[in-house]
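First the structure, which I've put down as structure tokens, then a few questions once you've had a look.
The values are calculated or read from the model by the stated rules, or taken from the named source; none is laboratory data. No experiment lies behind these values; they were computed from the predicted model shown. When we count neighbours, we look across all protein chains shown, and the Cβ atoms used for this are built from the backbone with ideal geometry, even at glycine. Keep in mind that these areas ignore ligands, DNA and RNA; they rest on the heavy atoms of the full protein, side chains included. Shrake-Rupley method; radii C 1.70, N 1.55, O 1.52, S 1.80 Å.
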Amino acid sequence: NEKFYDVLTKRKILCSITHGVIIGPRVYIDEETKKAIKKNGYDQESNNSIIKDVNYNRNIIELVKKCMTQYGRKKILIFANSVEHATQLSLIIKFNFKRKFNINSAVVTGTTRPGQRRKIIQDFKDGSINVLVNFGVLTTGFDVPAIDTVIISRLVLSNSLMTQMIGRGQRGTASRGS
């Protein structure tokens, strides 16, 4: 009895995945808070603890560098915890890696103007941007089959949303993926 996932990877509809965990700040959530987060997002205090966690954010950007320089990854999609977190990660990646490793990053959020968003996404598809950091906009209905790495650096309270996010980078070669 083969598992469904194994059948799909053998047929190259899905690619195989490597799962890892980056230990980040601890945020304890009761049921009432979960409901509030699902409706309104993180409270500012929790969001600031994530933005200010130097080790966590360093681990994320070091993972980006490692994926690009050691594992030959070409397109990385990062799901950040907030607009501020997405902006911060993108700027840190550009500042630290653009010249030395030719790793270019951009950010897309709900506040990005539609024309600018289309341009950034097209640049990502074309390869002039290799790391696209986003918050809340590229979880569903976003199609770049060549994404080969997904980094989820945000709280996800929904199994279906998590599945959508992982699916952005899980296409196999038979599905036009990488």
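This table checks each residue for (1) among the polar types (S, T, N, Q); (2) at pLDDT 90 or above.
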{"residue": "40", "(1), (2)": "yes, no"}
{"residue": "49", "(1), (2)": "yes, no"}
{"residue": "62", "(1), (2)": "no, yes"}
{"residue": "67", "(1), (2)": "no, no"}
{"residue": "85", "(1), (2)": "no, yes"}
{"residue": "99", "(1), (2)": "no, no"}
{"residue": "105", "(1), (2)": "yes, yes"}
{"residue": "109", "(1), (2)": "yes, yes"}
{"residue": "116", "(1), (2)": "yes, yes"}
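For the list (1) within 25 Å of residue 158 (Cα to Cα); (2) modelled with pLDDT of 70 or more, I need the number of the one condition that residue 17 fails.
Status for residue 17: all satisfied but (2).
Is it fair to say residue 101 is hydrophobic (A, V, I, L, M, F, W, C) and open to solvent by less than 30 Å² (accessible area, probe 1.4 Å)?
Numbers: hydrophobic (A, V, I, L, M, F, W, C): yes; open to solvent by less than 30 Å² (accessible area, probe 1.4 Å): no.
Judged against the criteria, residue 101 is not a match.
How do the pairs read when you match residues in segment 144-173 that are of a type in the set (D, E, K, R) and at pLDDT 65 or above with residues anywhere that are open to solvent by 40 Å² or more (accessible area, probe 1.4 Å) and part of a loop (DSSP other than H, G, I, E, B), using Cβ under 7 Å and keeping only pairs 6 or more apart or on different chains?
That search, which allows pairs on different chains as well, returns 148/73; 148/74; 148/178.
Test residue 29 against the stated conditions and say whether it is closer than 17 Å to residue 82 by Cβ, of a type in the set (A, V, I, L, M, F, W, C), at pLDDT below 75 and not in a loop (DSSP other than H, G, I, E, B).
Values: closer than 17 Å to residue 82 by Cβ: yes; of a type in the set (A, V, I, L, M, F, W, C): yes; at pLDDT below 75: yes; not in a loop (DSSP other than H, G, I, E, B): no.
It is false that residue 29 is closer than 17 Å to residue 82 by Cβ, of a type in the set (A, V, I, L, M, F, W, C), at pLDDT below 75 and not in a loop (DSSP other than H, G, I, E, B).
Where residues in segment 51-60 are modelled with pLDDT of 85 or more and outside any loop (DSSP other than H, G, I, E, B), which of them is nearest to residue 103 (Cα to Cα)?
60
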